[in-house]
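For reference, the structure is listed below as structure tokens.
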Amino acid sequence: MRYGNVLLTIGILLAAALLVVALVVDARNGHSESRGADPTQTFYVAEVEAQLALWRDELAQLTAQVEIRGDEELEARIAALGEQLDLADEGLVQIRLDAEGVWQELRQEMDRLLADIGAGLIELRFRLESETGTSLWGRLATA
């Protein structure tokens, strides 16, 4: 099962890296457009919305595992991640409403927040897996 965990982790990291590359390429291409709706902005918002939805689902699954265990420290970490997701939602609203092209400044803050959320979820997932000796993802796949 450990081999499956490693492959899953590598897959997640590769998907995240590809998302970052796609966003960087789109950002570079988007700077040449000057009028109308910024397609880079639209793409970015859609990508972040999709990522946040996936993370909310993952956090809900991790929450169920932590509640069963009754670990207050992990419950506090989950609450903090939930607050970060809410903050990311608020940031997306600001980015969506920005029609003046200043959204790129907001994007930098959003990217830092997304990196923190992603790292927090990975840390939480690994901590749960290492303490239980089983893969949460393996259990979910067989459910």
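Here, each number is a calculation from the coordinates, and none is a lab measurement. Since the model is a prediction, treat every value here as computed from it, not as a measurement. Reconstructed Cβ throughout: ideal geometry from the backbone, glycine too, with neighbour counts over all protein chains shown.
Length gained on full extension, residue 130 to residue 69: 20.6 nm, using 0.36 nm per residue less the C-alpha separation. Label-to-label distance for residue 112 and residue 80 is 1.7 nm, based on points extended 7 Å past Cα in the beta-carbon direction.
Note on residue 96 and residue 50: their simple-model spin labels are 1.7 nm apart, each label 7 Å out from Cα toward Cβ.
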